[in-house]
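Presented below is the structure to which this report refers.
The numbers here are math on the coordinates, done by the rules we state, and not lab data. These numbers were taken from a predicted model, which means no experiment stands behind them. In this analysis, Cβ positions are derived from the backbone assuming ideal geometry, glycine residues included, and neighbour counts consider all displayed protein chains.
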Amino acid sequence: MSLLRDKYAIVGVGNTEYGKLPGRSSYSLNIEAIKNALDDAGLSVKDVDGVLCKYPSSNFENLYSAKIAQQLGIYPKLIATIDQAGASNISLITYAAMAIEAGMCEVVVCSYGDNPLTRTKSHYSKPRGEQGPFGLFGTPASYAMITQRHMYEYGTTSEQLGAIAVACRKHASLNPNAFFQKPMTIEDHQNSRMLADPLRLFDCCPITDGGAAVIVTSAERAKSLRRKPVYISGFGQSHISKEVPYRKNLHESGAKRSAEQAYKMAGLSPQDVDVAQIYDCYTITALMTLEEYGFCKKGEGGAFVENGRIEIGGELPVNTAGGLLSETGMPGMQLIVEGVRQLRGECGERQVNDANVCIVSNQGGIMQTHSTLLLRGEL
Amino acid sequence: MSHELIQSAVNEDNKEFWEYISKGEFRMQQCSSCSSFRFPCSWICPECGDSSFIWEKISGYGEVYTWSVIHKDYHPAFEKKAPYNVAIVALKEGVHFLSNVEVSIDQMEIGMRVKVEICDCPDGSKVPLFIPVGG
C-alpha cells in the first residue's frame with residue numbers, strides 16, 4: 001500500500017464571492033478564503049505553520065506566499081509559491097502532504113486568489129510564447145487547434161462540446177455563488193459567437209475575481225477537528241511541458257499518466273469514482289480529461305458527455321458547482337473545494353447521493369501541465 | 001508593427017533563426033550527432049541530448065496539422081486582418097511550425113499541402129508564411 005494513501009486530509013475549505021470584486025487586492029482574496037477555511041476547520045491562524053500559494057495568474061510576483069504569511073501575521077516553517085499555471089492548486093496540496101510527512105510542518109494552508117476581471121485581463125490577450133509575429137494571441141486559438149484535431153481524428157462535434165457547457169450551467173443554476181446561473185441549452189451554445197474556430201464563446205470559461213483555500217493536516221490530527229475529514233487518497237502529476245505548436249500530437253494531454261499515479265496510490269479505479277470535478281477552462285479540456293481518466297475510451301469523449309451522463313443524476317456527475325465554465329473561471333482551487341463539500345454531503349440541491357469518492361483534475365497552460373487528486377469521505 | 005512583434009519574440013536562443021529569416025532563409029538547428037531537426041531553438045537536441053548543431057536549410061514543404069481562426073484585433077500589426085487563420089504546419093523534416101497560410105478561412109483544412117514563403121511585411125520586416133502547393 002502506498003505510503004501516503006489516506007494519511008493526510010483536507011480539514012477545512014473556504015472561498016470568497018466570485019465575480020467582479022472591485023476594490024479587492026489578490027492578497028485580501030487569499031486572506032478571506034484562508035480565514036473562511038480555518039473557521040470551517042475550527043483552527044486559528046496561529047495553528048498554521050505552512051503557506052503554499054499559486055501565484056496570481058494575472059500578476060506574477062516574487063515572494064507571494066511570504067506576503068500572504070505577513071498578512072496572516074504568522075512565522076511559518078514552510079512557504080512556497082509554485083508555477084504549474086492551472087495545475088498548481090492540486091500540486092500545492094500534494095506538496096503540503098509531502099512536507100508534513102517529512103516533518104517540516106503540521107498545518108498547511110493552500111490558497112489562490114486573483115482579481116483579473118477588475119485589474120487587468122492583459123495576461124489573457126498577450127502573444128502566446130514566441131508566436132506574436134504570426135498573430136497567435138491569448139489562449140482560445142491554441143485550445144481551438146487541439147479541438148480541431150480531436151474533431152478530425154475522432155469525429156467529435158461542437159454539439160457534444162456544448163453538452164459539457166450545458167451540464168456545468170445546469171449545476172451552476174443550483175449554486176448561489178456561481179458567476180453564471182441562468183440555464184443554457186445546446187441551441188444557446190450553438191448560437192454563441194465563434195471565438196476561435198471551432199470553439200464558441202460558451203466553450204470558454206469567464207475571467208473572474210475571487211479566491212479559495214483549503215487546509216491540509218494529518219488524518220490523525222483531523223480526528224480532533226470540527227469537520228469530517230476528507231482524505232487525500234491519491235495524487236499524481238504529469239507535464240507534457242511543450243507548447244502547442246511544438247507538440248507532435250495534440251490528441252493526448254498529460255492527464256492519463258497523472259491519473260494513473262493517483263489511482264494506483266489510492267488503490268481505486270475509474271469505476272469507484274462517484275463524482276468528478278474536471279478542469280474545464282474550455283469544453284475540450286474536460287472532454288479529453290474524461291477520456292484520459294478512463295471514464296471512456298480515447299476518442300469517445302464526445303459520445304460520453306451526451307444525454308445527461310455527466311449531469312447530477314447521471315452516471316458520472318461532473319463539475320457539480322458549475323466548474324470553470326459557470327461557477328468561476330478561477331484556475332482550479334474551486335474544484336477542490338466543491339469536491340470536499342460533496343464528500344461532506346453539504347451541497348444541498350446539487351448534492352450527489354452517497355458521494356464517497358471524488359476525482360479532481362487541474363491543468364495549466366495549454367495542457368502543458370496536469371495534476372490529479374483523489375479524495376475519499378469514508379475509508 | 002510586425003517588426004515590434006518579431007522583436008518581442010526574439011531572444012538569445014532564437015535570434016539566429018530570425019536573422020536567417022531576415023535574409024530570406026528558412027533554417028533550423030540540426031543535431032550534428034543524430035541529424036534530427038529541432039524547433040524551438042535549444043542548446044541541446046531533444047532527441048539525443050547532444051549539444052552540437054548546425055543551422056541547416058529546411059525544405060519548407062509540409063502539411064497543415066491543425067488550424068484555427070483569430071477573430072479579434074489583438075495588436076496593431078494585425079489590425080483589420082481579423083478573421084485570419086493560424087496553422088501548425090508539420091514540416092517534412094519532422095518539425096512542427098506555427099504560422100499563417102495565405103488562403104481564406106473557408107479554404108483551410110487539415111492535411112492541406114503547403115510550402116514556406118518568406119514574406120515582406122509593410123514595415124519591411126520578414127516573416128515565414130505558407131502558401132498551398134498543388135497535387
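Taking helices (runs of 4 or more DSSP H) that do not extend beyond the stretch A:273-379, which have at least 1 residues that are under 21 Å from A:Y112 (Cβ atoms)?
Values: elements: A:283-292, A:301-304, A:323-326, A:333-343.
Per the criteria, A:283-292, A:323-326, A:333-343.
Between residues in the stretch B:57-78 that are facing chain A (nearest Cβ under 7 Å) and residues that are small (G, A, S) and in a helix (DSSP H, G or I), which pairs lie under 6 Å by C-beta distance while being six or more apart or on different chains?
B:S68/A:A141; B:S68/A:A144; B:I70/A:A141
Pairs under 8 Å by beta carbon, first residue more than 7 Å from every other protein chain (Cβ to nearest Cβ) in the stretch A:116-135, partner aromatic (F, W, Y), six or more apart or different chains?
A:P116/A:Y124; A:K126/A:F137; A:R128/A:F137
If A:K54 meets every condition in (1) farther than 18 Å from A:A99 by Cα; (2) under 17 Å from the mean Cα position of the chain (by Cα) apart from one, which number is that one?
With (1) farther than 18 Å from A:A99 by Cα; (2) under 17 Å from the mean Cα position of the chain (by Cα) applied to A:K54, the lone miss is (1).
Tell me which of these A:M265 doesn't satisfy, since it passes every other one: (1) in contact with a Lys or Arg (Cβ under 7 Å, 6 or more places away or on another chain); (2) within 14 Å of chain B (Cβ to nearest Cβ).
Failed condition: (2).
Can you tell me how many residues within the stretch B:4-30 are within 12 Å of another protein chain (Cβ to nearest Cβ), in a helix (DSSP H, G or I) and not aliphatic (A, V, I, L, M)?
Matching residues across the stretch B:4-30 total 7.
Residue check, B:D123 against (1) assigned to a strand (DSSP E or B); (2) in contact (Cβ under 8 Å) with a residue 40 or more places away in the chain; (3) within 20 Å of B:S22 (Cβ to Cβ), all met but one. Which one?
Condition (1) is where B:D123 drops out.
Identify all residues within the stretch B:86-96 that are within 11 Å of B:T66 (Cα to Cα) and at the interface with another protein chain (Cβ under 9 Å from one of its Cβ atoms); write none if there are none.
Pass one, the stretch B:86-96, residues within 11 Å of B:T66 (Cα to Cα): B:86-90, B:96.
Passing the criteria: B:V86, B:A87, B:I88, B:A90, B:H96.
Among the residues of the stretch A:1-52, which ones are farther than 22 Å from A:S233 by Cβ, in a helix (DSSP H, G or I) and charged (D, E, K, R)?
Passing the criteria: A:E32, A:K35, A:D39, A:K46, A:D47.
What number of residues within the stretch B:113-135 are in contact with a Pro (Cβ under 6 Å, 6 or more places away or on another chain) and either within 19 Å of B:F37 (Cβ to Cβ) or more than 9 Å from every other protein chain (Cβ to nearest Cβ) (or both)?
Just the residues of the stretch B:113-135 that are in contact with a Pro (Cβ under 6 Å, 6 or more places away or on another chain), to begin with: B:114, B:116, B:118, B:127.
Now restrict to residues that are either within 19 Å of B:F37 (Cβ to Cβ) or more than 9 Å from every other protein chain (Cβ to nearest Cβ) (or both): B:114, B:116, B:118.
Summing the residues that are in contact with a Pro (Cβ under 6 Å, 6 or more places away or on another chain) and either within 19 Å of B:F37 (Cβ to Cβ) or more than 9 Å from every other protein chain (Cβ to nearest Cβ) (or both) in the stretch B:113-135 gives 3.
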